[in-house]
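Asker: To start, I am sharing the structure in question, which I have written as structure tokens.
The values are calculated or read from the model by the stated rules, or taken from the named source; none is laboratory data. Since the structure is predicted, the reported quantities are computational estimates derived from the model, not experimental observations. Cβ: placed from backbone, ideal geometry, glycine included. Neighbour counts: every protein chain shown.
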Amino acid sequence: MKVTEPALQPKSRAAPTESSAAARSLTTTVFQLLRSSILYGQLEPGLKLSAGRLATQYRVSLSAIREALARLAAEGLLDSEDHRGFRVAKVSKADLMDLTQTRCEIECIALRRSIESGDAAWEKRVTEAFQALQAAEGKSRPLDQRRYELHSDFHHALLEACGSEWLLRLRGMLFERAERYRLLSVNYAKVRREVHDEHKQLYDAVLKRDAEKAIAILTRHTMETTKALLQIEDEALFADNKPAKGSKKGRQVKLVAEVGGLLRSF
């Protein structure tokens, strides 16, 4: 299933001659366009990308496309094939499990530190981010780009008082990878969750400075998306969803059970 919500549209024309600054800006624009298309599922996992076709589509130079593709590969959103170009990185259930567990561990540390150290200004930022997200959740579709940005802002605000740039940097990288799975879950998951209620519970616990409760809510909030995705049997989505004959159901049950174990460990 393809996402119908377009992220952005290609620019209509690139200048015939570009300064170094303009060239960098153009490459960044192409990078952002392609990145959004991957995150939103418009460029499906495993799809082979043609630099020439992309250059024609976006009306930019091959060098701009190649640099953008290299940056996406460095972020893990593309797989580089020796002398054969790039493919959109595949998603797998094993990767999702690893990503989810690591993300929970990092975010729980950061959230506890934020609750312990955050001041009144931090509480104000958390409140503003929460209110903006709540307003968007009531008016927009799950795949709306603005809602995506507000969701990211809220989760970042919760952790930004942790006092560690490295924690925030690691958390940001993990969150971006997880968002790709979350956006895919909107299209593939059979059950729709009331995430605004989960955000409200998390917000309330944080403002009450109840670290244990907030951590438990944040962990469950993250794990529920993973649990929904692990129950998907669409072979076009997951690279490791083609096990040997007769083993598919057992592997799926095992992975879902592992999520339950992770939930109990936090």
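Asker: Which one is surrounded by the fewest Cβ atoms within 10 Å (Cβ to Cβ), of the residues in region 58-91 that are at pLDDT below 90 and assigned to a strand (DSSP E or B)?
Answerer: Top of the filtered list is E81.
Asker: Limited to region 186-242, what total is found for residues that are more than 20 Å from A135 (Cα to Cα) and at pLDDT 70 or above?
Answerer: Residues of region 186-242 that are more than 20 Å from A135 (Cα to Cα), as a first pass: 187-191, 208-220, 222-242.
From what is left, the residues that are at pLDDT 70 or above are 208-220, 222-232, 238.
So the count comes out to 25.
Asker: Has region 10-26 got any residue that is modelled with pLDDT under 95 and under 30 Å from M223 (Cα atoms)? Break it down stepwise before answering.
Answerer: Step one: filter region 10-26 for residues modelled with pLDDT under 95, giving 10-26.
Subset that is under 30 Å from M223 (Cα atoms): none.
No, the conditions are met nowhere in region 10-26.
Asker: While we're on this one: How many of the residues making up region 96-112 are more than 14 Å from the chain's Cα centre (by Cα) and basic (K, R)?
Answerer: 1
Asker: Moving on to the next point. Could you tell me which of the residues L99, L111 is in a helix (DSSP H, G or I) and either surrounded by 21 or more Cβ atoms within 10 Å (Cβ to Cβ) or not assigned by the TED database to the domain that holds T225 (or both)? Quick ask: steps written out before the conclusion?
Answerer: On the way: L99 fails: either surrounded by 21 or more Cβ atoms within 10 Å (Cβ to Cβ) or not assigned by the TED database to the domain that holds T225 (or both).
After ruling out the rest, the residue left standing is L111.
Asker: Which of (1) farther than 18 Å from R103 by Cα; (2) assigned to a loop (DSSP other than H, G, I, E, B) is the odd one out, the single condition C162 does not satisfy?
Answerer: Of everything listed in (1) farther than 18 Å from R103 by Cα; (2) assigned to a loop (DSSP other than H, G, I, E, B), C162 misses just condition (1).
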